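Report on one structure; see the data block that follows.
The values are calculated or read from the model by the stated rules, or taken from the named source; none is laboratory data. Keep in mind the model is a prediction, meaning the values are calculated, not measured. Here the Cβ positions follow ideal geometry from the backbone for every residue, glycine too, while neighbour counts run over all protein chains shown.
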2 protein chains.
Amino acid sequence: MSLAIVGTVAFDAIETPFGKTDKIIGGAGTYIALSASYFEKNTNLISVVGEDFPKDYLEILKKHNIDIRGIQIKKGEKTFFWSGKYHDNMNKRDTLVTELNSLASFDPVIPDAYQGSEYLMLGNLTPSIQRVVIERMKKRPKFVMMDTMNFWMDKTPEDLKETVSMVDLLCINDEEAQQFSGEHSLIAAAEKILSEGPKFLIIKKGKHGALLFDKNMNIFSAPALPVKTVFDPTGAGDTFAGGFIGWLAKTDDLSFDNMKNALIIGSVMASFNIEKFGTERIQKLEKTEISERIERFIRLTQFDIETNLL
Amino acid sequence: MSLAIVGTVAFDAIETPFGKTDKIIGGAGTYIALSASYFEKNTNLISVVGEDFPKDYLEILKKHNIDIRGIQIKKGEKTFFWSGKYHDNMNKRDTLVTELNSLASFDPVIPDAYQGSEYLMLGNLTPSIQRVVIERMKKRPKFVMMDTMNFWMDKTPEDLKETVSMVDLLCINDEEAQQFSGEHSLIAAAEKILSEGPKFLIIKKGKHGALLFDKNMNIFSAPALPVKTVFDPTGAGDTFAGGFIGWLAKTDDLSFDNMKNALIIGSVMASFNIEKFGTERIQKLEKTEISERIERFIRLTQFDIETNLL
């Protein structure tokens, strides 16, 4: 199949208890596309950068066979820049700098070559821009997945609701699910959100894994891989989403059983991402590393009870 | 096989946002034994109550074929009484009353009929009393499982360490694992605790499920059943432990694969326990209810990825 992704391509500067980086390649679109590219070979990225964005960084994406014709390079403008610092065992993050730069006037252009993509992933962005991308696809993709964050729940709640009503799958974290639904229980939150449009919902719980729901309230639970050290959690959620949608696009199977597999793939990819700064780890993954880690998830979660022993 | 359990048999008075109870039957030993009794038919309880403890309450245990000859009834004394109140969506619990009463001078007596029990479960108690029970078993049981809590980490840390060093499996929650090991990461905490004696460790994470570790750092993760409403979490950890040890004793298979099954059984039993006040729900469970809920855990966690698709 073919996968189109819209999301930021950016400079990140990250500080964790283990060290700090200069301006490295970041942005939701970058993480999603890199992660998805291990599965879906026809991955198309829609984004915007300034003219300060290094060719080398774009090369990273191209090396993964990601089509970057949808990345606009804005003359005379700078690239979106985010800087953050983690502390308290990675449980807390302070944003130090947010410079929107070229992102402020982002007007997504979808190259002809991207038209007809059956799968569309909307990375976290202004909900009205996410909506524009759906509308600019001449044929509505078979499956649209959307990520968002609490910022838009506070800032543009009506816009957000409208975009959510247009997608097949919404992917948010537990606190966002609670805020968006007004429900404390994640089950009640899921029921409410699934009544507002999406057929599927993923609730990410960070180190506690993720839950997948459908409208019939089938539920699947994937743990996060237990790890001794989280080196840098930046982009883990996007890497997770990229693995999920990449697997779906590759297999083109929207059954709940295959979505379970996609959730595991997302968890596998996120477990790599946190091992090094930024995209470093997910830039250079071998197939054997991915399959070995899938095996770890199998050992971590699979059991075989003989219920006739009861 | 045969299972001996030591733990409190008590009066509980519970208040949740859904209502409150008078003095009902409670105590770690009660929850553990009731839960285990669905699996291990030869379950023996060691405890102490006062003469105010109703015969009807002891009948509840007897109806489950639990041998209660090890429960001492102290003339002229009252039964251990605990009262607690839950608030903030069950995330917080205040202890309103703790009256040790007959528990204060508890000196466990092990009836001859219990000698030879291959499995021993030490419910949360003073660590020195837990140790005495191991020592009073004429033959060291094949498998000893122990629960404890942060209270003993603060109050009698040396005693606790000594008892921990004597057991096969320690079962504690995530915060307790962090406190006991001085490590934030649960993996690092597990490595440290497993270097101090036990061959196996369970870390309970409440609504996020539980992790099982062995000394080779094999890890298994079981989720908690996602539920809309937690009616009363009292005894959930003990019910979990009872299901775990009951399954192990019944199957008499100490392989890591069978311990995975035991962890699922524990999670299944805990998921029932929280549905009603106190032991109400786990007093009357049908086999079909248990097997149906195992099926729900299977649907919730099992997947089937064809890694050759990678």
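Taking (1) under 28 Å from A:Asp94 (Cβ atoms); (2) part of a helix (DSSP H, G or I); (3) without any contact (Cβ under 8 Å) to a residue 60 or more places away in the chain; (4) acidic (Asp, Glu) in turn, A:Glu275 satisfies each apart from (2).
Out of all the residues in segment B:138-148, which are touching a residue at least 12 places away in the same chain (Cβ under 8 Å) and either over 22 Å from B:Ile32 (Cα atoms) or surrounded by fewer than 17 Cβ atoms within 10 Å (Cβ to Cβ) (or both)? Listed by number, the residues that qualify are B:Lys138, B:Lys139, B:Lys142. How about segment B:225-258: which of its residues are among the aliphatic types (A, V, I, L, M) and closer than 30 Å to A:Met217 by Cβ? Selection gives B:Leu225, B:Val227, B:Val230, B:Ala236, B:Ala241. For the subset of segment B:259-268 comprising residues that are within 9 Å of another protein chain (Cβ to nearest Cβ) and in contact with an Asp or Glu (Cβ under 9 Å, 6 or more places away or on another chain), which member is surrounded by the fewest Cβ atoms within 10 Å (Cβ to Cβ)? Checking each candidate, the answer is B:Lys260. The number of residues in segment B:191-201 being within 13 Å of chain A (Cβ to nearest Cβ) and either assigned to a strand (DSSP E or B) or without any contact (Cβ under 8 Å) to a residue 12 or more places away in the chain (or both) comes to 2. Which one is nearest to the other protein chains (Cβ to nearest Cβ), of the residues in segment A:31-60 that are among the hydrophobic types (A, V, I, L, M, F, W, C) and either closer than 20 Å to A:Gln115 by Cβ or in a loop (DSSP other than H, G, I, E, B) (or both)? Among those that are among the hydrophobic types (A, V, I, L, M, F, W, C) and either closer than 20 Å to A:Gln115 by Cβ or in a loop (DSSP other than H, G, I, E, B) (or both), it is A:Phe39.
It is to be established whether one or more residues within segment A:231-251 are buried (at least 24 other Cβ atoms within 10 Å of the Cβ), of a type in the set (Phe, Trp, Tyr) and within 12 Å of chain B (Cβ to nearest Cβ). Yes, because at least one residue in segment A:231-251 is buried (at least 24 other Cβ atoms within 10 Å of the Cβ), of a type in the set (Phe, Trp, Tyr) and within 12 Å of chain B (Cβ to nearest Cβ).
A:Val227 meets each of the listed conditions (1) hydrophobic (A, V, I, L, M, F, W, C); (2) crowded, with 17+ Cβ neighbours inside 10 Å; (3) in a loop (DSSP other than H, G, I, E, B) apart from (2).
The residues in segment A:76-85 that are over 20 Å from the mean Cα position of the chain (by Cα) and within 17 Å of A:Ala236 (Cβ to Cβ) can be counted, and the count is 1. Scan segment A:236-284 for residues that are touching a strand residue (DSSP E or B) at 6+ places or on another chain (Cβ under 7 Å) and on the phi > 0 side of the Ramachandran plot and the total you get is 1.
Go through B:Ile290, B:Ile274 for me and flag whichever is hydrophobic (A, V, I, L, M, F, W, C) and in contact with a Pro (Cβ under 6 Å, 6 or more places away or on another chain).
Only one candidate qualifies: B:Ile274.
If A:Phe18 meets every condition in (1) of a type outside the set (Val, Ile, Thr); (2) in contact with a Phe, Trp or Tyr (Cβ under 6 Å, 6 or more places away or on another chain); (3) surrounded by fewer than 17 Cβ atoms within 10 Å (Cβ to Cβ); (4) modelled with pLDDT of 95 or more apart from one, which number is that one? For A:Phe18, the failing item is (4). The single condition among (1) over 30 Å from B:Leu211 (Cβ atoms); (2) in a loop (DSSP other than H, G, I, E, B) that B:Leu96 does not meet is (2).
Among the numbered conditions (1) within 12 Å of chain B (Cβ to nearest Cβ); (2) surrounded by fewer than 21 Cβ atoms within 10 Å (Cβ to Cβ); (3) within 19 Å of the chain's Cα centre (by Cα), the only one that A:Leu309 does not meet is (3). Residues in segment B:269-298 that are over 16 Å from B:Ala210 (Cα atoms), touching a helix residue (DSSP H, G or I) at 6+ places or on another chain (Cβ under 7 Å), within 14 Å of chain A (Cβ to nearest Cβ) and not hydrophobic (A, V, I, L, M, F, W, C): B:Glu275, B:Ser291, B:Arg293. Taking (1) buried (at least 18 other Cβ atoms within 10 Å of the Cβ); (2) under 29 Å from A:Ser2 (Cβ atoms); (3) among the small types (Gly, Ala, Ser) in turn, A:Ser181 satisfies each apart from (2). Scanning segment A:206-230 for residues that are touching a strand residue (DSSP E or B) at 6+ places or on another chain (Cβ under 6 Å), more than 7 Å from chain B (Cβ to nearest Cβ) and either of a type outside the set (Asp, Glu) or within 21 Å of A:Asn91 (Cβ to Cβ) (or both) returns A:Gly209, A:Ala210, A:Leu212, A:Phe213, A:Ala222. So in segment A:155-190, with the set limited to residues that are charged (D, E, K, R) and in contact (Cβ under 8 Å) with a residue 12 or more places away in the chain, which one is nearest to the other protein chains (Cβ to nearest Cβ)? Checked segment A:155-190; the qualifying residue nearest to the other protein chains (Cβ to nearest Cβ) is A:Asp174. Considering segment B:45-93, and only residues there that are in contact with a Pro (Cβ under 6 Å, 6 or more places away or on another chain) and modelled with pLDDT of 95 or more, the residue that is farthest from B:Met137 (Cα to Cα) turns out to be B:Arg69. Annotation for segment B:205-219: no member residue is part of a loop (DSSP other than H, G, I, E, B), at pLDDT below 95 and out of contact with any Phe, Trp or Tyr (no Cβ under 8 Å at 6 or more places or on another chain). Looking only at residues in segment A:195-220 that are closer than 18 Å to A:Asn150 by Cα and among the aliphatic types (A, V, I, L, M), the one that is surrounded by the most Cβ atoms within 10 Å (Cβ to Cβ) is A:Ile202. Hey, any hits in segment A:92-100 for a residue that's without any contact (Cβ under 8 Å) to a residue 40 or more places away in the chain and within 14 Å of chain B (Cβ to nearest Cβ)? Yes, segment A:92-100 contains at least one residue that is without any contact (Cβ under 8 Å) to a residue 40 or more places away in the chain and within 14 Å of chain B (Cβ to nearest Cβ). Selection of segment B:42-68 for residues being farther than 17 Å from B:Ser102 by Cβ and either of a type outside the set (D, E, K, R) or surrounded by fewer than 19 Cβ atoms within 10 Å (Cβ to Cβ) (or both) yields B:Asn42, B:Thr43, B:Asn44, B:Asp56, B:Glu59, B:Ile60, B:Lys62, B:Lys63, B:His64, B:Asn65, B:Ile66.
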